[in-house]
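Any read-out appearing in this document is the output of simple, stated calculations on the displayed coordinates, not a laboratory observation. In this text the structure is predicted, and so the values were computed from the model without any measurement. All Cβ positions, even for glycine, are placed from backbone atoms using ideal geometry, and neighbour counts span all protein chains on display.
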Amino acid sequence: MQEQVTGFVKSERHGSTLTIEFYHPQSNSLPIRLMNDLAAQIHGAGLDDEIRVIILRSSGDHAFCSGASFTELSKINSSREGEDFFNGFGHVINSMRKCPKFIIARIQGKCVGGGVGIVAAADYVIAVTGADIKLSELEIGIGPFVIGPAIERKLGLSAFSQLAIDAASWRTAEWAKTRGLYSEVHLSLQDLDESIQRLVTHLSHSSPQAIKEIKKMLWHDTAHWDLLLAERAKISGSLVISPMAQKAISLFNKA
């Protein structure tokens, strides 16, 4: 019962596949505790020689992830607290980047803000029609600073800038697929899950060393992200305590 109130991150293993699932009652938003749990479980899976592939998913049939927890954002009282919070997204993205296993993301619904950043850090993304995306940070007086490098790496600067600047508009799942964020888009959850199972079955018979080397190749030239994302978290931390951001967050929480 407590998990239904506070949310959870849990893992379930089948053979060489580990499924990591997260949940929060506020549209699968991410408080710092869940972000730290996600990063830790991804890191642990990377150290397990028996695991070949990771499936990252969220609970329910609606939003995949609505981004940062506005409840926690409203409680931030200093730039240091803000920095610590946004570093949570950096920890998740860097754990995904460093993990020597392929991470397959299952996207069953809309993605907002930090959720888009996590999707961008996955190695292969399978989504359903209707899994639209939006970077809403500018609407609340901040910006997609920590998640920016992961999104720009996948979509390119032009598409990333469109999302960051037009923060009020949704982009469709097909738009995301065309720009390279989604690898596949399916008409139904059944088709989505069948495609995931096909890919996971194939990868379970692949060479672990080959997977590790391909992963290193795909993430070439990102070793500086530990420092980069931490620096970006400082920017977000200072902006989130501004009067404009606090007013916008307060209005969102009342909505």
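Overview of values
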| quantity | calculated |
| --- | --- |
| Breaking point among (1) within 26 Å of R153 (Cα to Cα); (2) surrounded by 14 or more Cβ atoms within 10 Å (Cβ to Cβ); (3) of a type outside the set (D, E), for M217 | (2) |
| Residue under evaluation R153, criteria (1) in a loop (DSSP other than H, G, I, E, B); (2) surrounded by fewer than 22 Cβ atoms within 10 Å (Cβ to Cβ); (3) within 16 Å of the chain's Cα centre (by Cα), criterion not met | (1) |
| Enumeration of residues in the range 46-62 that are surrounded by 22 or more Cβ atoms within 10 Å (Cβ to Cβ) and more than 15 Å from G117 (Cβ to Cβ) | V53, I54, I55 |
| Residues that are out of contact with any Ser or Thr (no Cβ under 7 Å at 6 or more places or on another chain), assigned to a loop (DSSP other than H, G, I, E, B) and touching a residue at least 60 places away in the same chain (Cβ under 8 Å), drawn from the range 113-142 | A122, D123, A131, S136 |
| Residues (out of contact with any Leu (no Cβ under 9 Å at 6 or more places or on another chain), assigned to a loop (DSSP other than H, G, I, E, B) and of a type in the set (D, E, K, R)) located in the range 83-112 | K110 |
| Residues being surrounded by fewer than 16 Cβ atoms within 10 Å (Cβ to Cβ), in a helix (DSSP H, G or I) and not polar (S, T, N, Q) - total across the range 169-193 | 3 |
| Residue check for N28: surrounded by fewer than 22 Cβ atoms within 10 Å (Cβ to Cβ) and of a type outside the set (G, A, S) | no |
